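The values are calculated or read from the model by the stated rules, or taken from the named source; none is laboratory data. Predicted model only: the values in this text are computed from it and were never measured. Note that each Cβ is placed from the backbone with ideal geometry, even for glycine, and that neighbours are counted across all protein chains shown. We work out accessible area using only protein heavy atoms, side chains counted, and drop any ligands, DNA or RNA first. Shrake-Rupley method; radii C 1.70, N 1.55, O 1.52, S 1.80 Å.
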Amino acid sequence: MKLCKRLGCKAMIPYDQTNPYCENHRQDYHEYQRPSRPVDQRHYNLTRRDQEANQFYHTRAWRQLSLLVKRQAMMTCECCGHTALTKGKLLVDHIVPRRIDKRCQLDRDNLWVLCYSCHYWKTQLETQIYLDGEANFIANLDTATRWNQDAIRNWIIDKKSKSI
């Protein structure tokens, strides 16, 4: 037996009951099931991701290189040190974004492992420093030389510490 989930209620309910509330408060229960990650990822790939990028990230070469990079980093975020041994908790990211310089998309020196939190902040930085459009190729390459891995790491750590 366990207590009803309603604050202050002392009623006991069976442990295996799906609804965590007693008979008096059962109307408070709202079952919500978040779509599983593969469903979310599939939806993102179909609706938001650039189709050329989607094809690239599903190639055998990328999957093998990505796994190698994660293993070399010992399944640890190279920015904050977060470790995740379960599948899908870390991702391999391009230091100079793939959309900026496709020549480095399979270059091991342009890849690092990030947790989702650090990847979020890196994406925020990329939207600030890189210009849109292929006409800005040279300007973006110049920006990429100023924002190396250490500069990006310091910026992310600073932003994460301020957001806490």
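As an exercise: evaluate Leu131 against (1) at pLDDT below 90; (2) assigned to a helix (DSSP H, G or I) and give the number of the one condition it does not meet.
All conditions pass for Leu131, except number (2).
Which ones in the range 107-119 are over 18 Å from His82 (Cα atoms) and touching a helix residue (DSSP H, G or I) at 6+ places or on another chain (Cβ under 6 Å)?
The one that is over 18 Å from His82 (Cα atoms) and touching a helix residue (DSSP H, G or I) at 6+ places or on another chain (Cβ under 6 Å): Asn110.
Could you please give the count of residues in the range 120-152 that are open to solvent by less than 80 Å² (accessible area, probe 1.4 Å), over 28 Å from Thr83 (Cβ atoms) and among the β-branched types (Val, Ile, Thr)?
Summing the residues that are open to solvent by less than 80 Å² (accessible area, probe 1.4 Å), over 28 Å from Thr83 (Cβ atoms) and among the β-branched types (Val, Ile, Thr) in the range 120-152 gives 2.
Of the residues Leu46, Leu65, Leu7, Leu114, only one is of a type in the set (A, V, I, L, M) and assigned to a loop (DSSP other than H, G, I, E, B); which?
Leu7
Which of the residues belonging to the range 84-110 are open to solvent by less than 80 Å² (accessible area, probe 1.4 Å), modelled with pLDDT of 90 or more and of a type outside the set (Lys, Arg)?
Leu90, Leu91, Val92, Asp93, His94, Ile95, Val96, Pro97, Cys104, Gln105, Asp107, Asn110
Residue by residue, here is whether (1) in contact with a Gly (Cβ under 6 Å, 6 or more places away or on another chain); (2) open to solvent by less than 80 Å² (accessible area, probe 1.4 Å); (3) at pLDDT 95 or above holds:
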| position | (1), (2), (3) |
| --- | --- |
| Tyr29 | no, yes, no |
| Gln41 | no, yes, no |
| Thr47 | no, no, no |
| Asn54 | no, yes, no |
| Trp62 | no, yes, yes |
| Leu65 | no, yes, yes |
| Met74 | no, no, no |
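Which pairs do you get when a residue that is in contact (Cβ under 8 Å) with a residue 24 or more places away in the chain and on the phi < 0 side of the Ramachandran plot, found in the range 141-162, comes within reach of a residue that is of a type in the set (Ser, Thr, Tyr) and part of a helix (DSSP H, G or I), reach meaning Cβ atoms under 8 angstrom, with the pair 6+ apart or on two chains?
Filtered contacts from the range 141-162: Lys160/Ser117.
Restricting the search to the range 82-110, which residues are hydrophobic (A, V, I, L, M, F, W, C), in contact with a Cys (Cβ under 9 Å, 6 or more places away or on another chain) and in a strand (DSSP E or B)?
Listed by number, the residues that qualify are Leu90, Leu91.
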